[in-house]
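Everything on this sheet refers to the single structure shown next.
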Amino acid sequence: MTQTLALLGGTPAVDKSLKVNWPIVTDADKKAVMKVLDEGPLWALGGDDGLIAPEMIGLETEFAHFVGAKYALACNGGTAALHMAIAAAGVGPGDEVITTPYSFLATPVAVLHNGGVPIFADIDPKTYNIDPAEIEKKITSRTKALLPVHVHGVPADMDRINAIAKQHNLIVIEDACQAPGSKYKGRPAGSLGQMAAFSLNGTKNFAVGEGGLFATSDDTFRARANMVRMVGEGLPSWDRTMEFQHLIAWNYRFQEMPAAFGRSQLKRLPQYNAQARANGQALSKAIAGVKGVEAPFVPADCETIYHKYRMRLHPDQLDLPITGVAFRDTLQAALEAEGVDAPVWLHAPLPAHPIFQVRDGFGHGYPWTVGHKDLRYHAADYPKAQHLVDNSLVICSELNPIYCQTAKLIDQYAAAIHKVLSNRDGLIAAGKKLGKQ
Ligand SMILES: Cc1ncc(COP(=O)(O)O)c(C=O)c1O
């Protein structure tokens, strides 16, 4: 029997009181932070043998182990970690870095921070990640690095990306900000390129509040990235060559309190990732066969951490008078009225954002004017990313993400998706009510 949609006066399908807020802070976390406040130091001090920062160095060591890299460097954000990698790769003014149009803005912006020029290659519509075949079409004599993103936790096709990089002598940097704990053919994100960046932002599976981690197994990249983070200083201070500033650098330093919180939380990250997988798989199973939506695809040789659970929408399967963005927005309103969090996340592919349309990052058109005559970005050149933006919704929000919800709430979300999508007349009425047709 069709039930009246909550948007049209029916009873909501979800008991909102079941939602669990993120991030979770335990007594052990509080104890770890209090220890820093009681005993110090609060920040990394320079000592004769290197930095005195037991929590930060502990976090770096433990995280490097977690992602299968030789080194990690803690810094104040995923954007900073990305920029450290771009700078360490030697990307300079006018150099091109190929990346995806479907990511958070920080990905291409970190390229701009070093004067590099982002070049976008469209996505694989199945995985939502950069398509290696599209990368090949974008390589020029100026290409210096490839910057794939493991978007929503699904690893990019790294074997193919690394093969292209090898053939053209390019450096590969993983934007793993959404993927701490994801695996590609059994290997962890963070060990799949030459350098990687992770975010500790409060919305992430590994959520410290703000912070980032850079990872590499290469000594030179590590030394350069460290200088970028440390205002040019290289430690230990007994190394006289390190007393001088060698390159333009920033202050991306981290602090002991969030490092202590991060170390305590890192112990639980595998548990949160497992919960995300269990919930993601349960939801995918429950909505399989529901007309109008498709569960996210996870390649058989990959393990995702469902940083975001993104459903594809297929209004054509319902023979509705509303399609594309009108259908997406109607479905979103109908699901939210039922109590399901259903954000869009990313309202336009990155090349359509004003910074890439105006192209005046630093003033005087820099860095686009350094080596390019008239480089322009046209959203229409990324039809697969645009189609995904217009025809998908995330289930679960950043405040109540999939990694900490109960199976009971996920069951109710699945029931709500069934309820809304099986009510074709209700969806048409909802579209009319919202002025979508
Ligand atoms: C894919 C991606 N790259 C980069 C970042 C930047 O990380 P942060 O916000 O920690 O600077 C984020 C998250 O915010 C992200 O999702």
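The values are calculated or read from the model by the stated rules, or taken from the named source; none is laboratory data. Since we're looking at a predicted model, the values are computed, not measured. A quick note on method: Cβ atoms are made from the backbone with ideal geometry, for glycine too, and the neighbour counts reach across all protein chains shown. For the accessible areas, the whole protein counts, side chains as well, though only heavy atoms, and no ligand, DNA or RNA atoms are used. Shrake-Rupley method; radii C 1.70, N 1.55, O 1.52, S 1.80 Å.
Couple of notes before you dig in:
- Separation of region 115-172 from region 89-114 is 12 Å, based on Cα centroids.
- Residues in region 296-383 average 43 Å² of solvent-accessible surface per residue, probe 1.4 Å, ligands and nucleic acids excluded.
- Ignoring lysines fewer than eight residues from LYS30 along the same chain, the ones with Cα atoms less than 24 angstrom from its Cα are LYS19, LYS204, LYS267.
- Ranked order, HIS314, HIS150, HIS113 - accessible area, probe 1.4 Å, largest first: HIS113, HIS314, HIS150
- Applying a threshold of 30 Å to the alpha-carbon distances of LYS408/LYS436; LYS137/LYS373; LYS183/LYS373 flags LYS408/LYS436; LYS183/LYS373 as lying beyond it.
- Once the Cα atoms are used to define both axes, helix 158-168 deviates from the longest principal axis of the chain by about 50 degrees.
- Mean accessible surface per residue for region 46-104, computed with a 1.4 Å probe while every protein chain stays in place, in Å²: 30 Å²
- For chymotrypsin sites (Phe, Trp or Tyr not before Pro), no site in region 347-437 is both called loop by DSSP and has at most 11 other Cβ atoms within 10 Å.
- Selected from ALA163, ALA276, ALA197 as most flexible by GNM, with the chain as the system and alpha-carbon contacts under 10 Å: ALA163
- Under 26 Å from the Cα of LYS432 - lysines, other chains or at least 8 residues apart: LYS291, LYS419
- Qualifying chymotrypsin sites (Phe, Trp or Tyr not before Pro) for region 244-343 [loop in DSSP, other Cβ within 10 Å: at most 11]: PHE244
- Computed over the chain with a Gaussian network model linking Cα atoms closer than 10 Å, the most mobile of GLY363, GLY47, GLY94 is GLY363.
- Between the C-alpha center of region 313-378 and that of region 395-430 there is a gap of 23 Å.
- Taking all Cα-Cα distances within region 1-159, those exceeding 25 Å account for 55%.
- Result for the chain in a Gaussian network model with C-alpha springs under 10 Å: among ILE171, ILE130, ILE24, the largest mean-square fluctuation is at ILE24.
- The chymotrypsin sites (Phe, Trp or Tyr not before Pro) found in region 81-141 include none that occupy coil by DSSP while having at most 13 further C-beta atoms within 10 Å.
- Both the radius of gyration and Dmax for region 302-427 are 18.7, 57 Å, in that order, over alpha-carbon atoms.
- When the P(r) of the chain is calculated, the portion above 39 Å amounts to 24% of the C-alpha pairs.
- Carbon and sulfur %, accessible surface of the chain computed with the full protein complex present, 1.4 Å: 54 percent
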